[in-house]
Amino acid sequence: MQNAQNYDVIVLGGGASGLLCAFTAAQRGRRVLVLERANKVGKKILMSGGGRCNFTNYFVDANNFISENRHFCKSALKRYGAWDFIGMVERYGIAYEERKHSQLFCLNSAKDILSMLLEECSQAGVEIRCKIELEGVQALEARAGYQLHIRQDTSALSLHCQSLVVATGGLSIPTLGGSGVGYQLAEQFGLGVTPRRAGLVPFMFSDQSKGLCERLAGLAVDVSATCNGQTFRENLLFTHRGLSGPVMLQISNYWHPGDALHIDLLPDINAEQWLIEAKSQQPKSLLRSVLGQRLAKGLVQEFQALWWPEHADTPMAGLSEKLLRRIAAQLNNWVVKPSATEGYRTAEVTLGGVDTDGISSKTMEATSQPGLYFVGEVLDVTGWLGGFNFQWAWSSGYVAGLHV
């Protein structure tokens, strides 16, 4: 084994939080090394937002995050907010646009954001190494820092640092480098880890809804979806596997196995009132024709087969108000029961993580383990869809960078 190489700070993980933490620390004169398991840094940045990177949101609030301690994120978000990151984006002349719900995306490519972060690292003298396997971490006595044992290609190396930053992300999208190593390190040093599950993830079905979704694959519908007291209004997308689209990704963070989803297919309309009025105003029309004024034809045909097959060719005048009320109730509250989510393979984030009770909200340092820091997705802080997870990465990375 080669001789130990000494650094002030070693950051495990070259994603959003790790890179921002690295150059923030290096700008303070710290000697910083980033170790990345994949063959290049920033893979998740590059694929995010359909390759356009939804890098933050104009309106970021603690209520946009899920954590067992919902106050934990406040300090970091206040110390480094959306406008701090936007300022850097503008300084680099990166073109961006606002989309609905105040989401900010690159106009050209997510590569612009990664190039900016790497340029900041380069200017500050951050060293980055990829294709690194971490084989072990030891805390040295008398607060003398940490010894890391790594493998780079065929070489076994020993590294030393005063501060170790765990920015390893979560379990989501393992093909981009997601792994559980951050949780293992937390447990090694006596920190709690809350239960984890896939978040911002599409749903799958095993009942009759599966066939319906397959037949409607590709159709997008504006709906509101409710689960466990939380409601989102966005597009729902039918897929060959089930239900996706922004509204399903959002509500997946609040769903647990066995829960039903309540979907309002006409979120701006009292369907009962509308259908009863239509009965008197369009007595000769068929129900599918009336519904076709507001819903996609394919969707209406699927519901006709499920909800009123025996009245498919009965004019509105011949339909009882009781039947219309029942159908209206189903349109405003379509109840579906997913069999599962698609899991970590397609999840954008991991819910749960390193328990924030053992972490300082002002520095991201483990309170019981001096010199050990956790930032980004590895922590039990998960944002909604819309740029919030990136903002958490920037904010938590920044405050750790000020203290390592």
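The values are calculated or read from the model by the stated rules, or taken from the named source; none is laboratory data. On a predicted model such as this, the values are computed, not experimentally measured, just so you know. All Cβ positions, even for glycine, are placed from backbone atoms using ideal geometry, and neighbour counts span all protein chains on display.
So the values come out like this:
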{"read-out": "Only listed residue being touching a helix residue (DSSP H, G or I) at 6+ places or on another chain (Cβ under 8 Å), touching a residue at least 40 places away in the same chain (Cβ under 8 Å) and more than 20 Å from Phe388 (Cα to Cα), chosen from Leu157, Leu104, Leu114, Leu134", "value": "Leu134"}
{"read-out": "Count - residues of the range 245-273 that are touching a Lys or Arg at 6+ places or on another chain (Cβ under 8 Å), farther than 22 Å from Val349 by Cβ and not small (Gly, Ala, Ser)", "value": "4"}
{"read-out": "Residue match in the range 254-265 (condition: more than 25 Å from Thr382 (Cα to Cα), buried (at least 18 other Cβ atoms within 10 Å of the Cβ) and either touching an Asp or Glu at 6+ places or on another chain (Cβ under 8 Å) or outside the structural domain of Gly180 (by TED's automatic domain parsing) (or both))", "value": "yes"}
{"read-out": "Among residues of the range 223-281, those that are over 17 Å from Phe303 (Cβ atoms), over 21 Å from the mean Cα position of the chain (by Cα) and not basic (Lys, Arg), counted", "value": "10"}
{"read-out": "Single residue of Thr382, Thr367 found to be free of Cβ contacts under 8 Å to residues at least 24 places away in the same chain, in contact with a Ser or Thr (Cβ under 9 Å, 6 or more places away or on another chain) and not assigned by TED's automatic domain parsing to the domain that holds Ser206", "value": "Thr367"}
{"read-out": "Some residue of the range 80-88 being part of a helix (DSSP H, G or I), aliphatic (A, V, I, L, M) and without any contact (Cβ under 8 Å) to a residue 40 or more places away in the chain", "value": "yes"}
{"read-out": "Residue list for the range 278-298, filter: charged (D, E, K, R) and either within 28 Å of Ala217 (Cβ to Cβ) or exposed (fewer than 12 other Cβ atoms within 10 Å of the Cβ) (or both)", "value": "Lys284, Arg288, Arg294, Lys297"}
{"read-out": "Unique match (being modelled with pLDDT under 95, surrounded by fewer than 16 Cβ atoms within 10 Å (Cβ to Cβ) and either over 25 Å from the mean Cα position of the chain (by Cα) or farther than 19 Å from Tyr7 by Cβ (or both)) among Gln123, Gln152, Gln138", "value": "Gln152"}
{"read-out": "Selection within the range 4-25 - farther than 22 Å from Leu379 by Cβ and either buried (at least 19 other Cβ atoms within 10 Å of the Cβ) or touching a helix residue (DSSP H, G or I) at 6+ places or on another chain (Cβ under 9 Å) (or both)", "value": "Tyr7, Asp8"}
{"read-out": "Test result for Asp222, assigned to a strand (DSSP E or B) and either more than 20 Å from Pro338 (Cβ to Cβ) or touching a residue at least 40 places away in the same chain (Cβ under 8 Å) (or both)", "value": "yes"}
